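In what follows, a structure is listed as structure tokens, so that the remarks can point back to it.
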Amino acid sequence: MGERDRRRAVVTGGAGFVGSHLCERLLDDGLVVTAVDNLLSGSESNLAHLLGRDGFAFVRRDACAPGALADLPGGPFDLVFHLACPASPADYLRLPLETLETGSSGTRNALELAERDGARMVLASTSEVYGDPREHPQREDYWGHVNPVGPRSVYDEAKRYAEALVTAHRGARGTDTAIVRIFNSYGPRMRAGDGRAVPTFVRQALAGEPLTVAGDGSQTRSLCYVDDTVAGIVALAESDLPGPVNIGGEEETTVLDIARRIVKLTGSASPITFVERPGDDPARRCPDTSLAREELSWVPRVGWQEGLERTIDWFAGRAAA
């Protein structure tokens, strides 16, 4: 099969944590892939192993700029994945206006590209649209409990607006769209200083530093290894389901337990200390993944111990290098 006969995809935010793994998966599946990223929170090093591969192109560009996706190499496209957005608290608090822009202008640009090429567009949304939920576990038909002017609002509301824009575009223009809500993905290529629990705890444990748990650590999360996250995104893209669809781990555990697991797996002597809990930090987070199971035949396959061991090995290798 020649390159012109292969399916073609564009991934905004392609140099990010999840985005780079998605690019790799799509290439392994035989697609031609164009990654777009302005490197505000992504890193070209995440794509270094892909740069020489047949059918892969990286374009350093702000996906929010007017016309930014109109002249990309590799088109016309069959699939448009919009993952561009600062996703960690450290990033979206540092880049509040840019975060809101990716949800608005960036999403609009991705939709216009999909409409032009007759492509299927997948929006990477987040469990943050549920805010600090009053329903548990969270189903896709739950509207959420979100503070629109709180410290996390730039990210929460950027994604909620993006979902509304995608839904409106589908209804008004007939654009083929889908929304995936990603829960607490983790794995290699996360940044050690991005503020999220797993990379923070792994970095601290490997360095012999105290693990800093917010509050009393009783707040819960549901971890999903990045390979499983990407498998869910791809399964949704290959379906005709509009979503939203939750993709995330099914084992709910406390943040304190995550820290303890990482201390044990690293063999670290690091103590656990407690720090002030951020404002609007969700008390419980766990997805109801029935829809993904029933409609996409998706289930997470990498258990927490295997996933954390892979993640720790990657961080340890980086530290040794």
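Structure summary
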| item | result |
| --- | --- |
| Members of region 113-152 that are acidic (Asp, Glu) and farther than 22 Å from PRO86 by Cβ | GLU115, ASP117, GLU135, GLU140, ASP141 |
| Every residue from region 212-246 that is surrounded by fewer than 23 Cβ atoms within 10 Å (Cβ to Cβ) and over 20 Å from the mean Cα position of the chain (by Cα) | THR212, ALA214, GLY215, ASP216, GLY217, SER218, GLN219, ASP240 |
| Residue under evaluation GLY217, criteria (1) at negative phi; (2) touching a residue at least 12 places away in the same chain (Cβ under 8 Å); (3) not hydroxyl-bearing (Ser, Thr, Tyr), criterion not met | (1) |
| Set GLY42, GLY52, GLY74: member being closer than 23 Å to ALA321 by Cβ, surrounded by fewer than 20 Cβ atoms within 10 Å (Cβ to Cβ) and at pLDDT below 95 | GLY52 |
| Qualifying residue in region 162-171 (condition: in contact (Cβ under 8 Å) with a residue 12 or more places away in the chain and either within 17 Å of ASP37 (Cβ to Cβ) or in contact with a His (Cβ under 9 Å, 6 or more places away or on another chain) (or both)) | yes |
| Answer residue from region 198-211, given it is out of contact with any helix residue (DSSP H, G or I) (no Cβ under 6 Å at 6 or more places or on another chain) and closer than 20 Å to PHE17 by Cα and is most open to solvent (accessible area, probe 1.4 Å) among those | ARG203 |
| Residue list for region 286-305, restricted to those being assigned to a helix (DSSP H, G or I) and either open to solvent by 80 Å² or more (accessible area, probe 1.4 Å) or touching a helix residue (DSSP H, G or I) at 6+ places or on another chain (Cβ under 7 Å) (or both) | ALA292, ARG293, GLU294, GLU295, LEU296, TRP304, GLN305 |
| Scope region 247-285; condition polar (S, T, N, Q), in contact with a helix residue (DSSP H, G or I) (Cβ under 6 Å, 6 or more places away or on another chain) and open to solvent by less than 30 Å² (accessible area, probe 1.4 Å); matching residues | SER268, SER270 |
| Single residue of region 19-39 satisfying the filter (farther than 12 Å from GLY74 by Cα and touching a helix residue (DSSP H, G or I) at 6+ places or on another chain (Cβ under 6 Å)) that is most open to solvent (accessible area, probe 1.4 Å) | ARG25 |
| Criterion: over 20 Å from the mean Cα position of the chain (by Cα) and outside any loop (DSSP other than H, G, I, E, B) - qualifying residue of ALA57, ALA65 | ALA57 |
| Qualifying residues in region 55-64 (those that are among the hydrophobic types (A, V, I, L, M, F, W, C) and free of Cβ contacts under 8 Å to residues at least 40 places away in the same chain) - the one surrounded by the fewest Cβ atoms within 10 Å (Cβ to Cβ) | ALA57 |
| Counted residues, region 86-99 - those being open to solvent by 70 Å² or more (accessible area, probe 1.4 Å) and without any contact (Cβ under 8 Å) to a residue 60 or more places away in the chain | 3 |
| When residues of region 250-278 are limited to those that are among the polar types (S, T, N, Q) and under 23 Å from the mean Cα position of the chain (by Cα), the one farthest from THR212 (Cα to Cα) | THR253 |
| Which numbered condition ALA114 fails, given (1) small (Gly, Ala, Ser); (2) open to solvent by 10 Å² or more (accessible area, probe 1.4 Å); (3) closer than 27 Å to PRO73 by Cα | (2) |
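The values are calculated or read from the model by the stated rules, or taken from the named source; none is laboratory data. Remember, predicted model here, so these are calculated numbers, not experimental data. Note: ideal-geometry Cβ built from the backbone for every residue, glycine included; neighbour counts use all protein chains shown. Note: accessible area is taken over every heavy atom of the protein model, side chains too, but ligands, DNA and RNA are not part of it. Shrake-Rupley method; radii C 1.70, N 1.55, O 1.52, S 1.80 Å.
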